[in-house]
Amino acid sequence: MAKKNSQKADRRAVVEQLRKEQQRKERRRTIAIISACVAVGLVIVGLGAYPMIRDARDSAKFSGVELSGIGLSAAEAGCQDVETRAADGDSDHRQDGQEVEYQDAPPAFGPHYAAAASMERKFYTAQDRPSVETLVHNLEHGYNIVWYDETVADDTEQVSQLRAIAEKFSGTENLENKFIVAPWTAEDGDSFPEGTHVAMTHWSVGADEGEPSMENQKGVWQYCESVSGEAVSDFVEAWPFSDSPEPNAF
């Protein structure tokens, strides 16, 4: 009898030992899962916070710098002479989703969607940019748009400079701040002229030639090899929002 009791005790001890070992394994597994979830969560939070941290850093870096002092000078940036061409397409609204084929890369005028992008946003990436057709409507309203291609998009320093340039036009009430920086991608159309990676566009009604009129509409372009705050400053001064088909529309 004593022997049987001893065997039962031994079995109970073995079972208890196995149970405790299983519990330890489950605790370790639970801790590992929780740790992994926390790590993933921190990565997600970090990725979400990085754009805000980056934007704040760029704003602080250029906060005391004049627009013309951001990036290179117009000469150093290889900015070409301004080009113009007769324009059309004012009030030519197309249905949202209908693709418009523009002759120029990027366009400075032409048919467009019925709604323009909000004046609140000044800088876009390829991930959040409105359609080209939407931005052409902004041009009709007098916006100056600085387009950057994929070469610049891959250059952290130049993107920071473009963000800083866009920041100089922050605000939604002063019409002089009708300004947008947006990417131009391979899906949008042809590349910029050889060697250039930044383009500025404006939809003019010929105010520079005297009495502005809808008959004198023209598209305006200037291409640069790289970012130049000086070139942007000169372009915006030469082609103000008031020189456009619909200057008082936001």
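The values are calculated or read from the model by the stated rules, or taken from the named source; none is laboratory data. If you're wondering where the values come from, they're calculated on a predicted model, not measured in any experiment. Here the Cβ positions follow ideal geometry from the backbone for every residue, glycine too, while neighbour counts run over all protein chains shown.
Within region 202-231, being assigned to a helix (DSSP H, G or I) and in contact with a Cys (Cβ under 9 Å, 6 or more places away or on another chain) holds for E230, A231.
Looking at L18, L67, just one residue is under 30 Å from N177 (Cβ atoms) and either modelled with pLDDT under 80 or within 52 Å of the chain's Cα centre (by Cα) (or both), and that residue is L67. Within region 233-248, identify whether any single residue is free of Cβ contacts under 8 Å to residues at least 60 places away in the same chain, in a loop (DSSP other than H, G, I, E, B) and within 20 Å of A116 (Cβ to Cβ), and answer yes or no. No. Among residues of region 72-123 being assigned to a strand (DSSP E or B) and of a type outside the set (D, E, K, R), the one that is surrounded by the fewest Cβ atoms within 10 Å (Cβ to Cβ) is A86.
Would you please list the contacts, defined by Cβ atoms under 7 Å and residues six or more apart or on different chains, that run from a residue in region 170-181 that is part of a helix (DSSP H, G or I) to a residue that is among the hydrophobic types (A, V, I, L, M, F, W, C)? If the second residue must be among the hydrophobic types (A, V, I, L, M, F, W, C), the pairs left are L175/F241; E176/F241; N177/F169.
For (1) touching a His at 6+ places or on another chain (Cβ under 8 Å); (2) of a type in the set (A, V, I, L, M, F, W, C), each residue gets a yes or a no:
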| site | (1), (2) |
| --- | --- |
| T156 | no, no |
| V159 | no, yes |
| A166 | no, yes |
| T185 | no, no |
| E225 | yes, no |
| S228 | no, no |
| F235 | yes, yes |
| A238 | no, yes |
| S242 | no, no |
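Screening region 209-250 for residues that are surrounded by 16 or more Cβ atoms within 10 Å (Cβ to Cβ), assigned by TED's automatic domain parsing to the domain that holds D149 and among the acidic types (D, E) and picking the one that is farthest from the chain's Cα centre (by Cα) gives D234.
Checking A86, A49 one by one, the residue that is out of contact with any Asp or Glu (no Cβ under 6 Å at 6 or more places or on another chain), under 30 Å from V181 (Cα atoms) and at pLDDT below 75 is A49 and no other. Close contacts from region 111-131, counting a first residue that is free of Cβ contacts under 8 Å to residues at least 40 places away in the same chain and a second that is surrounded by 18 or more Cβ atoms within 10 Å (Cβ to Cβ) and charged (D, E, K, R), with Cβ to Cβ under 6 Å and a gap of 6+ residues or different chains, come to H112/E133; Y113/E133.
Quick check, is S191 buried (at least 22 other Cβ atoms within 10 Å of the Cβ), over 19 Å from G71 (Cα atoms), assigned by TED's automatic domain parsing to the domain that holds S73 and touching an Asp or Glu at 6+ places or on another chain (Cβ under 8 Å)? No. Taken across region 73-80, residues that are closer than 30 Å to A115 by Cα, at pLDDT 85 or above and under 26 Å from the mean Cα position of the chain (by Cα) do not occur at all.
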